[in-house]
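Here, each number is a calculation from the coordinates, and none is a lab measurement. From a predicted model like this one, the values you see are computed outputs, not experimental measurements. Cβ sites come from the backbone with ideal geometry, for glycine too, and all protein chains shown count toward neighbours.
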Amino acid sequence: MMTRLLFCLLLLVSLAVAPAHAQQSAIRPDTTIHLFDGKSLEAFDTWLVDDHLKDPLRVFTVVDQVDGAPAIRISGERWGGLVTKREYRDYRLVTEFRWGLATWGDRRNAARDGGILLHAQGAHGNTGRDGNGAWMRSIEAQIIEGGVGDIIVVAGFDEKGQRLTPHITVRSARDRDGEPVFDPNGEPQLYNRGRINWFGRDPDWQDKLGFRGRQDVESPLGEWTRFEIVADGDRLTYLVNGKVVNEGYGSSLAAGKIIIQSEGAEIYFRKIDLEPLKK
């Protein structure tokens, strides 16, 4: 009985995470929206811990040519992200990214790390109780060497300091080490914290620079990886180089901003498009 009561309380709190206005004001693309226009960061705000809406170290820039085309460069030197100015829902997000060589701070010798935060809601920096966090409450599509396509639940705080925790249901199993891993034939499990590994994440994964697992789907270092996210109502599907690697449904977040993370490693994006869903 106590377990059921706690579960019901969790659901009630989670429902508060997705205010009605986010659903109503969010844009549902009917034609392709190019969040990166090849020239500027016009579609985004920049957000960094401590510096907030300022970017004195030029963490986020547009470079004229990477492999023959313009690209967004995120240096990774400071924690934060590019945050879309508008909220979106029901789309196919198509990105192409490539790692750079620079790494920073505590992650200088760790696996290159980044990510895309989906359905981000609340104030900038609300992953910190004081509003000085790096990100916003959201569901993450992880980008890390060996773990591109992991799902991560990202909690945040409201203006009163109350912790708000999203949730999502994933069909999953446990790997050799007991970590949850996406399994389309697995049992549905509701997650309100932590990470759900993509289906082929190496159980011997190590947080070391240049790590590559036996079944990794992302492209080798120096090559471009196509990472797509289908956000269809409360369902999220992640595809890496055309292969479905993770999927969740029943998400308590179904609309919001999109954040491209800066998290200790240099990374380039040459495409960030929102395509309409096929009817």
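Things worth noting here:
- Cα-based shape type of the range 124-279, given that a ≥ b ≥ c are square roots of the gyration tensor eigenvalues and the cut on a/c is 1.5: rounded
- Taking each residue as 0.36 nm, the span from ASP177 to THR31 lengthens on full extension beyond its C-alpha to C-alpha distance by 48.2 nm.
- In the list [x] 18.7, 73; [y] 17.8, 61; [z] 18.6, 58, the label attached to Rg and Dmax of the Cα atoms in Å as derived from the coordinates here is [y].
- Relative packing of peptides 253-263, 198-208, 93-103, 36-46 - highest average C-beta neighbours within 10 Å first: 253-263, 93-103, 198-208, 36-46
- Gaussian network model of the chain, springs between alpha carbon atoms under 10 Å - residue of GLY264, GLY122, GLY242 with greatest fluctuation: GLY242
- For a label point 7 Å along the Cα-to-beta-carbon line of LYS243, residues of the range 170-188 with backbone N under 20 Å: 171-176, 180-186
- The range 75-177: C-alpha gyration tensor shape, a/c 1.5 cut-off, then a/b vs b/c: rounded
- Eligible lysines near LYS278 by straight Cα distance, threshold 29 Å, same-chain separation 8 or greater: LYS39, LYS85, LYS243, LYS257
- Normalised by the number of residues in the range 2-275, the mean separation of alpha-carbon contacts (under 8 Å, six or more apart) gives a relative contact order of 29 percent.
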